[in-house]
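Nothing in this text is a laboratory measurement; each read-out follows from the coordinates by a stated rule. What you see is a predicted model; the values in this text were computed from it and never measured. All Cβ positions, even for glycine, are placed from backbone atoms using ideal geometry, and neighbour counts span all protein chains on display.
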Ligand SMILES: Cc1cc2nc3c(=O)[nH]c(=O)nc-3n(C[C@H](O)[C@H](O)[C@H](O)COP(=O)(O)OP(=O)(O)OC[C@H]3O[C@@H](n4cnc5c(N)ncnc54)[C@H](O)[C@@H]3O)c2cc1C
């Protein structure tokens, strides 16, 4: 398992949103959810601007072996949008309507691409 900083540096070139660590200025603002009693600290926050960013974020969580939480509006009363020591995948910058099937197809295509690239390298 690589370190969070290394994995974020690897993911960063293709990621069009923001990848936030606890030391980043916007981190505390982004980790906040509507229920003020919920005060969790994700290991990192991937603020996504599109489907390709979600694919990168899921890949990042896999690389790091982190659990994920998914944040939409952050209004879930139980504060399920956030997680301690996991990766918060923040979808709040995405204002359009996206099909879950498109996201899953993109993730599968990326996995196939990664596998064939590894085979070519051998
Ligand atoms: C003041 C207030 C008023 C409200 N009024 C209404 C209302 O009028 N009508 C209504 O219908 N609802 C209302 N709600 C409820 C709220 O709209 C719902 O809880 C809604 O689902 C929140 O959507 P969200 O995008 O903000 O979720 P977020 O808080 O962003 O949560 C994300 C969702 O993803 C899920 N999730 C997170 N991680 C994972 C994971 N790893 N795997 C799978 N799932 C995951 C969470 O369980 C959660 O459902 C209200 C809530 C509040 C606090």
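Regarding residue 55, is this residue without any contact (Cβ under 8 Å) to a residue 60 or more places away in the chain and farther than 24 Å from residue 109 by Cα? Can you show your working first?
Working: without any contact (Cβ under 8 Å) to a residue 60 or more places away in the chain: yes; farther than 24 Å from residue 109 by Cα: no.
Taking the combined requirement at face value, the residue does not satisfy it.
In segment 65-78, how many residues are touching a residue at least 24 places away in the same chain (Cβ under 8 Å) and either part of a strand (DSSP E or B) or buried (at least 19 other Cβ atoms within 10 Å of the Cβ) (or both)?
So in segment 65-78, the residues touching a residue at least 24 places away in the same chain (Cβ under 8 Å) come out as 65, 69, 71, 73-78.
Keeping just the survivors that are either part of a strand (DSSP E or B) or buried (at least 19 other Cβ atoms within 10 Å of the Cβ) (or both) gives 69, 71, 74.
Result for segment 65-78: 3.
Can you work out which of the residues in segment 29-59 that are more than 14 Å from the ligand (Cβ to nearest atom) and part of a helix (DSSP H, G or I) is farthest from residue 97 (Cα to Cα)?
29
I'd like the full set of residues that are touching a residue at least 40 places away in the same chain (Cβ under 8 Å) and either surrounded by fewer than 18 Cβ atoms within 10 Å (Cβ to Cβ) or touching a helix residue (DSSP H, G or I) at 6+ places or on another chain (Cβ under 6 Å) (or both), limited to segment 21-41. Please lay out each step first, then the result.
Just the residues of segment 21-41 that are touching a residue at least 40 places away in the same chain (Cβ under 8 Å), to begin with: 30-35, 37-38, 40-41.
Scanning segment 21-41 gives 32, 34, 35, 37, 38, 40, 41.
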